[in-house]
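The values are calculated or read from the model by the stated rules, or taken from the named source; none is laboratory data. Computed from a predicted structure; not experimentally measured. Positions of Cβ are generated from backbone atoms using ideal geometry, with glycine treated the same way; all protein chains shown enter the neighbour counts. Protein only, heavy atoms only, side chains kept; ligands, DNA and RNA dropped before computing areas. Shrake-Rupley method; radii C 1.70, N 1.55, O 1.52, S 1.80 Å.
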Amino acid sequence: MSFSLHGLAVSPGIAIGRAQLLSHATLEVAHYVVPPKHIDAEVTRFDAALKSVRDELRALREDSSAEGAPSELTAFIDVHAMILDDPMIAQEPRRLIRERGANAEWALVQQMELLVEQFDQIEDAYLRERKADVTQVVERVVKVLTGQRVKSRKSQDDEAQILIAHDLSPADTIQFRNQHVGAFITDVGGGTSHTAIVARSLAIPAIVGLHHARQILCDDDIVIVDGTRGVVIVDPDERVLEEYRLRKSELELERSKLKRLKTARTASLDREEVWLYANIELTDDVQQARDMGADGIGLFRTEFLFMNRDELPTEDEQFEAYRSVVQAMKGKPVTIRTLDVGADKTLRGGSHRQDPNPALGLRAIRYCLSEPQMFLTQLRALLRASHYGEVQILIPMVAHLHEIEQTLLLLARAREQLRERKQKFRERVAVGSMVEVPAAALALGQFLKHLDFLSIGTNDLIQYTLAIDRADEAVAYLYDPLHPAVLRLIAQTIQAGKRAGVPVSLCGEMAGETTYTRLLLGMGLRHLSMHPAQLLEIKQEVLRCDIEMASQKVQRMLKMDEPEKLRDMLARLNGVSI
Ligand code: PEP
Ligand code: MG
């Protein structure tokens, strides 16, 4: 039977494919008493489920030993097969069925809980983590027992995987970049969570905040994901499928038409020049930035070089990564942000405490200044890369003058160290700050004399101004870029930059949404940085905009307090009749 689910659209596009459930569901199974005459049948049902999963794992292993599959995958399947044959999983539940008349799934989950408790006591961190494997194995068996699995339909070659998870960390999401993933769906998450950002940068449709998708959907269900409208259609009929296939190819056609804009100069109708840059997470992304004709890299989020690994990247490794981006951009500016970990971007094995409130904790520049050796290593690598092109260093989450002063001192020390080593770097490297904490936007005067540029990070600026966690879908409805307080902070930053002759750009998600292009140009911004996938659409919007006219309307908007009126005015600014 076909049905649809609605969530928060965070990465546009349409995907049609088969559901693949990730991570563990809550293993809440029914408990009932099996009458004595049915006990044998219950044990047989249990054994059959184990056999089915055993066969499934064997088939997976054969597939994974095929050429090209990572060896970790094979090892991972072997561990699961061993767990499945462990007496606690394979034997004990049979005893519970026979002696207590328990139903098979309940008996199995009881044993799993006992086993998991034992894992909790283990001191070795690696072994303790195997607890998740136990849960995943039991989950597979429970799915067979409760008939949650849909028989595999005939697969088509072009079918994509629709990954369905309770939540995905940015680290998980980035790991899927090389797989044939059609879309991401998660039960929790907000529109500017780092996971959503990664999905957009991979140009993969994504919907978050679906609440119960993992419970409602089954592996192999045919699913349509409309990442533009936030709709998931499960088990669609042939007519709906046809309609979406058509929409999908129309979208692809539109995208290919946009490609013609790649080499066009970015200027408004009234001939104001505008610069469009790309946000990147990994060095490989630079190719996409070039393909879209970016004027440079406006934000290189270096934290992704530090994630999904146990050791910190060495100076040489970082230097190579930065240099490869700088060289690929052939003289165009490359703004590299120093490590912004904390909140939802965590380092594995790092000295991270359990932060009581991670978004307000030891994040970004605060974390770097508390680990000066690690920070110096990154600064040296950045300076060395400056020898090969136009590197600009960007400091995240600045709120205090002393954070800038300390960073500049460390930068001077990094220069001295490189001089001693006789390593080359450019003497004059621009240093800028993110404006993403309201305190920075309100007290820019004290910072500006030390800085060469500013970059407004609206994702965090909105989070901190409106006091809502950007990753929490329960408050996602309050996340409002049009809130008068947010608009005034942006306007104030632009004005302060203009007065001091310091260039201002904007690199938050607002820069990549066509709804806000005219507003931002009208406010005075001429430098916008976004995911490469959004660049040509934004360019098209700039080409259609009369900035002089837009700025008159925007000045009136900035005096407005009522949200409804602001929204109406924005719609009119964008040429939508209301
Ligand atoms: C921002 O906060 O707007 C920003 C660009 O930084 P990040 O999304 O990486 O926190
Ligand atoms: Mg930020």
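Some points to look at:
- Out of Ile280, Ile233, Ile216, sole residue that is touching a Phe, Trp or Tyr at 6+ places or on another chain (Cβ under 9 Å) and open to solvent by less than 10 Å² (accessible area, probe 1.4 Å): Ile280
- Scanning region 362-392 for residues that are within 16 Å of ligand 2 (Cβ to nearest atom) and within 25 Å of Ser505 (Cα to Cα) returns Arg363, Ala364, Ile365, Arg366, Tyr367, Cys368.
- Ala511 being in a helix (DSSP H, G or I), under 18 Å from Arg301 (Cβ atoms) and either open to solvent by less than 10 Å² (accessible area, probe 1.4 Å) or in contact (Cβ under 8 Å) with a residue 60 or more places away in the chain (or both): yes
- Filtering Ile494, Ile462 for residues that are within 16 Å of ligand 2 (Cβ to nearest atom), in contact (Cβ under 8 Å) with a residue 24 or more places away in the chain and crowded, with 17+ Cβ neighbours inside 10 Å leaves a single hit, Ile462.
- Just so you know, in region 429-448 the residues that are over 19 Å from the mean Cα position of the chain (by Cα) and within 14 Å of ligand 1 (Cβ to nearest atom) include one that is surrounded by the most Cβ atoms within 10 Å (Cβ to Cβ), and it is Val435.
- Failed condition for Arg260, given (1) under 25 Å from Tyr388 (Cβ atoms); (2) in a helix (DSSP H, G or I): (1)
- Selection over region 183-204 of residues that are open to solvent by less than 10 Å² (accessible area, probe 1.4 Å) and over 18 Å from Asp340 (Cβ atoms) gives a count of 7.
- Residues of region 429-450 include none that is at pLDDT 95 or above, away from ligand 2 (no atom under 16 Å from the Cβ), closer than 22 Å to Leu299 by Cα and acidic (Asp, Glu).
- Yes/no for Phe300 being among the aromatic types (Phe, Trp, Tyr), open to solvent by less than 30 Å² (accessible area, probe 1.4 Å) and within 28 Å of Leu520 (Cα to Cα): yes
- Condition met for Arg470 (in a loop (DSSP other than H, G, I, E, B), of a type in the set (D, E, K, R), touching a strand residue (DSSP E or B) at 6+ places or on another chain (Cβ under 8 Å) and at negative phi): no
- Meets criteria (aliphatic (A, V, I, L, M) and not assigned by TED's automatic domain parsing to the domain that holds Val181) for Val231: no
To keep it simple, each residue is scored yes or no on (1) within 14 Å of ligand 1 (Cβ to nearest atom); (2) open to solvent by 10 Å² or more (accessible area, probe 1.4 Å).
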position	(1), (2)
His450	no, yes
Ile456	yes, no
Gly501	no, yes
Val504	yes, yes
Pro532	no, no
